[in-house]
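What follows is a short report on a single structure.
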Amino acid sequence: MKTKLIAILKQVFPASYPELAIFLFFLICYGILGSYIAFHYRIIFDSRIPWDAYFSFDNKAIVMTGGSFERHPLAYYFFNWVREFSLWVSGGKMDVIFRLTLAWLSNLAISLCMVQIFKYLRNIIRLPLQISILIILFFGLFSTSIILSFTPENFTYTLLLLSIYNYYAAVKLKKEEKIPGSALALAGITVGGLTITNLVKVFIPVLFEKDFFRSWKKFGNAAFRVMLTTACFVFLYLLRIDFKYENIFSKTNQQYEKFSNVESIPDWDMMLSYFFGGSILFPSFMTTDKHNMKGFNFKGLLMEPYSSSFCYAFVIVLLTLILWSYFKNFKNKLVQVLAVSFAVDIVIHCIMRFGLHTSYIYGGHFVFVYPLLLGWLFYSYRSKPKMLSFLTVTMGILFVFLLTNNLYRMSDFFMFLEKYYQ
């Protein structure tokens, strides 16, 4: 038991000096950003604003209830802990200290996520330190990483949990070991409990376990673990809603209709500007008039489609690198796990069009795939210096553009805060 606990702590937290350096770097950088916002502005948590203050995040609603039960079935329990801990720190007041605590919990989650991605790059892909640092800094500048570092939301903790689980599963698959039923159940309850559509991602690595399709015994064992996880999840889900299962179908249908029928922007533009691009490279912003349905009016901030050809070029180049990595490493089961996981979100948001018009907020479900596939691309050319140099230069150019663009757009974000949320 002690050995397993130590192993878990070593996986989740920094276990080497480079990992500790990565963790402290992001903790400090994100901490400064989140602390400044918490001290000077009320946007992180304002009791009058339940949703949509910026980029359609539901800060107050999530902190108070965990979100709607049909999409976030077990988040209620998790955010009860988050809220009560923050209230304990603030002495029971929803003031600046309360906001600061929420921001630092988000900061801790995203900084630990950076550690997980760095561990994967170093321990699974076995990339050199310099390339791993370049990729993790690139990932740290994603719009999703920046925004979630101070935002108390389901996406924040989902990104961490998915990163932890994917690293854990990669370790098991690389050793040709099966994922224990207890670990699978824990991942299903936590990951699926925060966002139900992510439950299927927990099962994806099981499909790539050794001899899964060649041995009836191993297939049956895997099926049992999946059914056990599903049964645990369903039981806790039904317990959460007092076994009134009919509410699930009616609410789910309402949510799908609400978030899937927006025709204001062409689908291809929403895919590039919001789903593939907005979660990485900030576009320009627009303000909207909002109200809390109780007589209080406020301003919200949304992302616009890209207006610059350079932004479209950035997204296309990045997607080209990702597809290049996938086809170059097609026979690699760890790459297939990442690709299938990403495909789940592509189907939900791009094909089924659920929330496509605001799909940049769903980045916490899939952005971790980008740095890992980039890492596998570097790995596939590890013995070809010229190609490594080309990839490094390309990444350097993308990094500089991402840094410049996202810093500039964050200045727009602060102008919005100065005007409406002091």
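The values are calculated or read from the model by the stated rules, or taken from the named source; none is laboratory data. Owing to the predicted nature of the structure, the values given are computational and were not obtained by experimental measurement. Cβ placement follows ideal geometry from the backbone for every residue including glycine, while neighbour counts extend to all protein chains displayed.
Observations
- Scanning segment 168-187 for residues that are modelled with pLDDT of 95 or more and over 24 Å from the mean Cα position of the chain (by Cα) returns no hits.
- Of the residues screened, residue 26 is one that is more than 30 Å from residue 235 (Cβ to Cβ) and either of a type in the set (S, T, N, Q) or assigned to a helix (DSSP H, G or I) (or both).
Residues are listed down the side, and each one gets a yes or a no for (1) in a helix (DSSP H, G or I); (2) among the acidic types (Asp, Glu):
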{"residue": "131", "(1), (2)": "yes, no"}
{"residue": "151", "(1), (2)": "no, no"}
{"residue": "161", "(1), (2)": "yes, no"}
{"residue": "167", "(1), (2)": "yes, no"}
{"residue": "211", "(1), (2)": "no, yes"}
{"residue": "222", "(1), (2)": "yes, no"}
{"residue": "239", "(1), (2)": "yes, no"}
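- Checked against the criterion of being in contact with a helix residue (DSSP H, G or I) (Cβ under 7 Å, 6 or more places away or on another chain), closer than 22 Å to residue 111 by Cα, of a type outside the set (Val, Ile, Thr) and free of Cβ contacts under 8 Å to residues at least 60 places away in the same chain, the candidates 373, 402 yield just one match: 373.
- Of all residues in segment 266-289, those satisfying the criterion of being surrounded by fewer than 16 Cβ atoms within 10 Å (Cβ to Cβ) and touching a Phe, Trp or Tyr at 6+ places or on another chain (Cβ under 9 Å) are 269, 284, 287, 289.
- Residue in segment 109-125 that is polar (S, T, N, Q), under 13 Å from residue 30 (Cα atoms), in contact (Cβ under 8 Å) with a residue 12 or more places away in the chain and assigned to a helix (DSSP H, G or I) present: yes
- Note on segment 23-79: among residues that are β-branched (Val, Ile, Thr) and surrounded by fewer than 17 Cβ atoms within 10 Å (Cβ to Cβ), the one that is farthest from residue 287 (Cα to Cα) is 28.
- Considering 49, 97, 62, 44, the condition of being farther than 23 Å from residue 359 by Cα and of a type in the set (A, V, I, L, M) is satisfied by 97 alone.
- Exclusive hit being over 30 Å from residue 288 (Cβ atoms), modelled with pLDDT of 95 or more and of a type in the set (Phe, Trp, Tyr), set 314, 330: 330
- Residue check for residue 316: part of a helix (DSSP H, G or I) and surrounded by 17 or more Cβ atoms within 10 Å (Cβ to Cβ): no
- Only one entry in 335, 347 is within 23 Å of residue 164 (Cβ to Cβ) and out of contact with any Cys (no Cβ under 8 Å at 6 or more places or on another chain), namely 335.
- Given (1) within 30 Å of residue 122 (Cα to Cα); (2) surrounded by 18 or more Cβ atoms within 10 Å (Cβ to Cβ); (3) of a type outside the set (S, T, N, Q), number of the condition residue 20 does not satisfy: (2)
The rows are residues; the columns are (1) under 20 Å from residue 155 (Cα atoms); (2) touching a Phe, Trp or Tyr at 6+ places or on another chain (Cβ under 9 Å).
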{"residue": "188", "(1), (2)": "yes, yes"}
{"residue": "200", "(1), (2)": "yes, no"}
{"residue": "211", "(1), (2)": "no, yes"}
{"residue": "215", "(1), (2)": "no, no"}
{"residue": "218", "(1), (2)": "no, yes"}
{"residue": "231", "(1), (2)": "no, no"}
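- Against the list (1) under 19 Å from the mean Cα position of the chain (by Cα); (2) modelled with pLDDT under 95, the condition residue 382 fails is (1).
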